[in-house]
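The values are calculated or read from the model by the stated rules, or taken from the named source; none is laboratory data. All figures in this text were calculated on a predicted structure; none of them were measured in a lab. When we count neighbours, we look across all protein chains shown, and the Cβ atoms used for this are built from the backbone with ideal geometry, even at glycine. SASA here: full protein model, heavy atoms, side chains in, ligands and nucleic acids out. Shrake-Rupley method; radii C 1.70, N 1.55, O 1.52, S 1.80 Å.
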Amino acid sequence: MPEFGRVSIIDASSFDPAAAYVAVKKPLLGDFAPYIFRTHDFGKTWTRITTGLPATDYVHSVREDPTRRGMLYAGTQHGFYVSLDDGNRWQPLKTNLPDTQVSDIWVDANDLAIATHGRGFYVLDNVNPLRQYAAAASATDAYLFKPADATRFG
């Protein structure tokens, strides 16, 4: 891990007691690079996991999905990203989100809420299709996702 910087968030894994994720930012030191680290050995060693994030888009928050192991969310100075492989590769998840700072992320059941700076918050309802997404879904012309349980009111 870097010697200097501000630790924004430490997120312990819901699946592995030895795993955690850390977001570190250093813009006050003139370093705008993204810094996200993970450990799988109770913090003995840390691996930087920023492949796919822009070189000058520093990170404010990182969270693990509480339902799908290895699925991570990251909030940066200019947007929101998702990783489906424990942080090895990040992809932008814009869905009409403007270029804005994402300060924090919270996953509650099937909904994803992000806090932004100066614009309030956004909620992405029902992230189940994203949780189900895998290489098999992108390799075919058509793929059916399992729908959420329906609730019927009388």
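Quick notes
- Taking N as the residue count of the chain, its C-alpha radius of gyration divided by 2.2 N^0.38 Å amounts to 1.09.
- Solvent-accessible surface ranking, highest first, for S13, S103, S61 at 1.4 angstrom: S103, S13, S61
- Under the simplified labelling scheme, the N96-D31 pair shows an inter-label distance of 3.9 nm, with each label point 7 Å from Cα along Cα→Cβ.
- Inter-label distance for D111 and H78, nm, one decimal - labels placed 7 Å from Cα along Cα-to-Cβ: 3.1
- Shape of region 52-119, Cα gyration tensor, a/c cut at 1.5: oblate
- Within the accessible area of the chain (1.4 Å probe), percent carbon and sulfur: 54
- Surface accessible to a 1.4 Å probe, per residue, for the residues of region 1-121, Å²: 51
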